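A short reminder: the numbers here are calculations on the coordinates, not readings from a lab. Just so we're clear, the structure is a prediction, and the values are computed from it rather than from any experiment. Cβ placement follows ideal geometry from the backbone for every residue including glycine, while neighbour counts extend to all protein chains displayed.
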4 protein chains.
Amino acid sequence: MSPKRLEAFSDGVLAIIITIMVLELRPPAGAGFDGLRDVVAKLLAYLLSFVLVGIYWNNHHHLFRLVERIDGGVMWSNMALLFCLSLVPFATAWFGEHPGKQAPIISYVVVQLSCALSYTAMTLTMLRIHPPDGLLATAIGHDFKGKLSVGLYLSAIPLSLASPWVGVALIVTVAVLWLVPDRRVARTLATKDAGPGAGVSAGP
Amino acid sequence: MSPKRLEAFSDGVLAIIITIMVLELRPPAGAGFDGLRDVVAKLLAYLLSFVLVGIYWNNHHHLFRLVERIDGGVMWSNMALLFCLSLVPFATAWFGEHPGKQAPIISYVVVQLSCALSYTAMTLTMLRIHPPDGLLATAIGHDFKGKLSVGLYLSAIPLSLASPWVGVALIVTVAVLWLVPDRRVARTLATKDAGPGAGVSAGP
Amino acid sequence: MSPKRLEAFSDGVLAIIITIMVLELRPPAGAGFDGLRDVVAKLLAYLLSFVLVGIYWNNHHHLFRLVERIDGGVMWSNMALLFCLSLVPFATAWFGEHPGKQAPIISYVVVQLSCALSYTAMTLTMLRIHPPDGLLATAIGHDFKGKLSVGLYLSAIPLSLASPWVGVALIVTVAVLWLVPDRRVARTLATKDAGPGAGVSAGP
Amino acid sequence: MSPKRLEAFSDGVLAIIITIMVLELRPPAGAGFDGLRDVVAKLLAYLLSFVLVGIYWNNHHHLFRLVERIDGGVMWSNMALLFCLSLVPFATAWFGEHPGKQAPIISYVVVQLSCALSYTAMTLTMLRIHPPDGLLATAIGHDFKGKLSVGLYLSAIPLSLASPWVGVALIVTVAVLWLVPDRRVARTLATKDAGPGAGVSAGP
């Protein structure tokens, strides 16, 4: 089974997921600037989700450059990741409509957590059919960032019960964590071309 | 006529079909957890449809790896399949809004049945222009799974009149039937690379 | 300028156009079979548009197999075609909601006419930068079907004023005209591989 | 990092952005021609946005033909451009619903300005990793059109306060500016094939 068409299909689904979120930004009813006030929270929620899905696309892209073969397990674990990511627009819409409210933020975190866990599951099904000392295994490595992200999401659930804004802060932290260029990756990139795959992992 | 662009177009349509279903998951009106209760049935209906469309994508992908040429008949039978699959979001939305009600479930089964039949029709138009002892013919074979799926859908229609949940159970059975890895496929895979096409058939 | 990316972009837009039409098929409010009655007209309107857009995709696909180069003129005439085609979902929605009413049917015909004319305009901008005795020129030829389609659309406008159903019949005629396999094309196909391009023209 | 998949992903997102705008064109409530009157303004707003996004696609396409390598900076500046462009459907919907009103037009200009600036930012991140005397640097050059567009957008903001229609006129001017074939580009095209990239710049 060749990874090419799976990659193209995933790109298509990711492009749709990242774009349909904008359909939630309804134009204000009136024609005055004050109508934009209600849009601001939704716009920020959309921006956050855009960045998080963008990070997944980026990591997915790097990961698949190192994948040499796929099987039914990889195919379906990739499908599971796409399913979880497809729930992001739903969670974003609720979160953007009720900024700072407990239930929407916890739901948002749970969706992001499911994405991170399914991404990890996908890398594990990939490792099973790749050599343990190959490029893919080296690149995934200990997956520190992935584990840290899962930890941050897990702690965001109870902490959002105390204050929803702490939950928001933790999600933003995860996004920043992945946006900041990785010095280790940059170093690997400088030494060899296969480098960009280094550090690919469980996504945000 | 080359199958490449038909495959890319089909991938695009399938990616859109599988993703727009999530637009039916409207965020609850309130900001409390109890608002999620209404979403659960829709989410499960979406998950079921996601898996069924995913199986079609998977089978379509395998099938096209073995297709050497296409003609107008294949082109239009593929279009017919895409048309039937594009009705899945509609059927899912109705089914998810009225869980356990007769008419929505029977409609859902009818749409799935039309997908399975058009998939079979597509394989038949393909076989017409391929050698009867070629890879494609071998891979499609007796298409036991495809025939079984059609049989299960056909029996689901009258049985849903008795109890809609029996219909749901039969649809889930079809999905599981296709998700469970096929030992025969795995064996073929092990012996030669063309193997993943083995067992491709009428989809769920 | 290479035609490859223009083709891929057009495929993406066409895949979206053909699929978002299904978003108009709203699930009935109730859970009974009688709710489906209102859906029937919309479903038939969707089927008609699906076939017409499918014919464009098919013709576009054949045409681009013979195109050797493109320039800004081709690029923008292709964009104009995509713009006209993107109005099909709108026209379909109105037409499906008011079956047999004058204004929606005439609007539908006008949109289809604009698609046919912009397709013709695109072929003309293509011919300008291709040899007059080349494959593309031969394939487009006198474009009898294209001219006939434009004529049928033009006559459908006044005739719909008399009876909207005559307009519907004429649109269906155009669709059938393009669906019926072209004996001339089949013959060309048999003699050489460049054949599928033969008869490509102004679409429905 | 190879530019191919980034290009394909961007194409997917652009195809979706350019097409979902049509979802705002709701069919009129009644079945009479007078219902179309409200659609006209939305249709014109859609046409304008279609052309502007089309120009971005065109420039993006030319630019990437000259790009030899990308890095994380290019990846994320491309994502920022896609984010800004994804706000165009929102701005178009508001603008089309309230033609000639200040706030929607200024919002529309601000979104277009953000697109132009993020396109410029993307070209700058690209130049950083390409030779200063290479094809890309030559093609981008002084980017006169890009700077002029930014200037026109900037002046459109205060001028729309005086009269919103001046703002509309300035946006249309930018669109025309990019649609009119560039004599310099045509000349470069005639001398060498890398020519189409000449003049690629900050978009509308």
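The table below gives the values:
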| read-out | value |
| --- | --- |
| Nearest-first distances (nm) between copies at D:R128, label 7 Å from Cα via Cβ | 4.1, 4.1, 5.8 |
| Debye, to nearest 20: dipole size of the protein assembly as shown, +1 on Lys, Arg Cβ, -1 on Asp, Glu Cβ | 820 |
| Debye, to nearest 20: dipole size of chain D, +1 on Lys, Arg Cβ, -1 on Asp, Glu Cβ | 280 |
| Top positive-direction residue, dipole computed over chain C with Cβ charges, set C:S86, C:L117, C:F50 | C:L117 |
| Max mean-square fluctuation residue, GNM over chain D, Cα-Cα springs under 10 Å, options D:D143, D:D34, D:D11 | D:D34 |
| GNM result for chain C, Cα springs below 10 Å: residue of C:I20, C:I105, C:I171 fluctuating most strongly | C:I20 |
| Within 10 Å of each Cβ in C:100-110, the average number of Cβ atoms from other chains | 3 |
| Where labels lie 7 Å past Cα in the beta-carbon direction, separation of A:E68 and C:T173 in nm | 6.3 |
| Contour minus Cα-Cα distance for B:F33 and B:K147 (0.36 nm per residue) | 36.7 nm |
| D (Stokes-Einstein, µm²/s), Kirkwood Cα radius, chain B, 1.002 mPa s at 20 °C | 121 |
| 18 Å Cα-Cα reach of A:K4 towards lysines, excluding residues that sit fewer than 8 places from it in its own chain | B:K4, C:K4, D:K4 |
| Label point 7 Å beyond Cα along the C-beta direction, distances from B:R69 to other copies (nm, shortest first) | 3.2, 3.2, 4.6 |
| Relative contact order computed over chain B (Cα-Cα under 8 Å; 6+ residues apart), in percent | 26 |
| Label 7 Å beyond Cα on the Cβ vector: C:V180 copy-to-copy distances, nm | 5.0, 5.0, 7.0 |
| Peptide A:42-55 - average C-beta neighbours from other chains (10 Å radius) | 2 |
| Peptide C:3-9, shielding by other chains (average Cβ, 10 Å cutoff) | 5 |
| Highest-fluctuation residue, D:G72, D:G134, D:G30 considered, GNM on chain D with Cα pairs under 10 Å | D:G30 |
| Where labels lie 7 Å past Cα in the beta-carbon direction, separation of C:S163 and B:L47 in nm | 5.4 |
